[in-house]
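Some notes on the structure that comes next.
Bear in mind that the values in this text are calculations on the coordinates, not laboratory data. Because the structure is predicted, anything quoted here is derived from the model rather than measured. Here the Cβ positions follow ideal geometry from the backbone for every residue, glycine too, while neighbour counts run over all protein chains shown.
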Amino acid sequence: MAELLALEKVTAGYGESVVLEEISLAMAEGDSLALLGRNGVGKTTLLTTLMGLTRMHRGDIRWRGGRINGLSTHRRAQAGLGWVPQERHMFPSLTVEEHLTVVARPGPWNLKRIYDIFPRLQERRANMGNQLSGGEQQMLAIARALMTNPHLLLLDEPMEGLAPIIVQELMRVMRKLIADEGLAVIVVEQHARLALSLTKHAIVLDRGRIVHQGDSESLMADGERLDRLVAVA
Ligand SMILES: Nc1ncnc2c1ncn2[C@@H]1O[C@H](COP(=O)(O)OP(=O)(O)OP(=O)(O)O)[C@@H](O)[C@H]1O
């Protein structure tokens with residue numbers, strides 16, 4: 001499989017402060033990566049660095065063969081990086097359908113396919129952004145990123161604060177996206193086992209450095225190691 005994304009010794013942070021140190025990783029087209037680690041170790045910062053929102057001190061980011069270090073967030077989104085931020089960023093004055101249509105770009109994902117995969121959003125198509133439950137907002141945040149027809153979806157704690165039944169529904173959708181649609185994803189998750197069950201590969205960060213890199217299945221099978229690395233309950 002062709003290389004989709006590669007980070008080479010990326011050191012990045014905010015202003016003078018360094019949060020990520022010497023991060024190197026590579027993903028192929030259609031690959032899926034769980035990004036794990038305790039609170040505050042730099043997982044969100046890694047996603048925002050991919051989107052060009054932090055200060056890169058050193059290193060290179062390669063995207064589909066070209067260096068993108070200097071590209072703006074907007075250009076990265078145009079190049080196929082789809083970001084679903086933790087805060088979801090819904091607009092109170094737009095309907096569900098407007099959230100989806102304003103960002104639409106040509107490609108396999110369109111309104112019909114989005115409504116097929118998220119029937120709940122079709123039911124809510126005329127509701128405003130501030131009239132949605134937390135679960136519906138998360139579905140809309142993912143759907144909106146899909147409407148940009150990304151080559152890689154970056155998901156920042158998609159399950160956070162959601163009821164178990166909604167988590168199940170989102171897991172079903174994400175499994176479909178990854179396994180059936182072959183969409184490449186990076187998923188940051190506090191629920192390590194959920195993220196590992198979805199993905200092929202896993203990375204664990206600690207204090208801004210990669211402390212484990214391997215396939216998700218073996219990390220899942222080694223519960224003791226997993227608990228030690230991410231301190232899950
Ligand atoms: N905008 C910012 N400006 C300065 N420092 C920041 C900023 N955002 C995050 N940090 C710092 O960067 C470090 C890593 O934070 P980050 O949010 O990337 O971690 P995380 O692993 O995603 O944690 P969490 O699971 O709590 O979201 C923390 O020390 C945090 O205080």
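Annotations for the structure displayed:
- From most to least packed by mean Cβ count within 10 Å, the peptides 208-216, 134-142 give 134-142, 208-216.
- Value at 222 nm in deg cm²/dmol, rounded to 500, when DSSP H runs of n ≥ 4 in the chain each add -39,500 (n - 2.57): -9000 deg cm²/dmol
- Around the Cα centre of the chain, unit charges on the Cβ atoms of Lys, Arg, Asp and Glu (plus for the first two, minus for the last two) sum to a dipole of about 460 debye.
- DSSP bridge pairs, the range 3-230: antiparallel proportion in percent, nearest 5: 60
- Exposure proxy for 116, 60: other Cβ atoms within 10 Å of each Cβ, ordered fewest to most, give 116, 60.
- Acute angle (nearest 10 degrees) that the helix 134-147 long axis makes with the longest principal axis of the chain, alpha-carbon atoms: 80
- Projecting label points 7 angstrom from Cα along Cα→Cβ for residue 111 and residue 93 puts them 2.1 nm apart.
- Long-range tail of P(r) for the range 3-230 (Cα pairs > 23 Å, %): 46
- Over the range 3-230, relative contact order from alpha-carbon pairs under 8 Å, at least 6 apart, %: 27
- For the range 11-100, the pair-distance distribution built from all alpha carbon pairs, in bins 10 Å wide starting at 0, is 14, 43, 32, 11, 1 percent.
- Cross-link pairs 9/176; 112/200; 43/176 - those with Cα-Cα distance over 31 Å: 9/176
- Projecting label points 7 angstrom from Cα along Cα→Cβ for residue 130 and residue 14 puts them 2.7 nm apart.
- Rounded tilt (10° steps) of 164-175 against the dominant C-alpha axis of the chain: 80
- Where only C-alpha atoms are counted, convex hull volume of the range 103-176 per residue in Å³: 97
- Value of relative contact order over the range 172-233, rounded to a whole percent, pairs C-alpha under 8 Å and six or more apart: 25
- Extension gain, residue 2-residue 78: 0.36 nm per intervening residue step, less the Cα-Cα distance, totals 25.4 nm.
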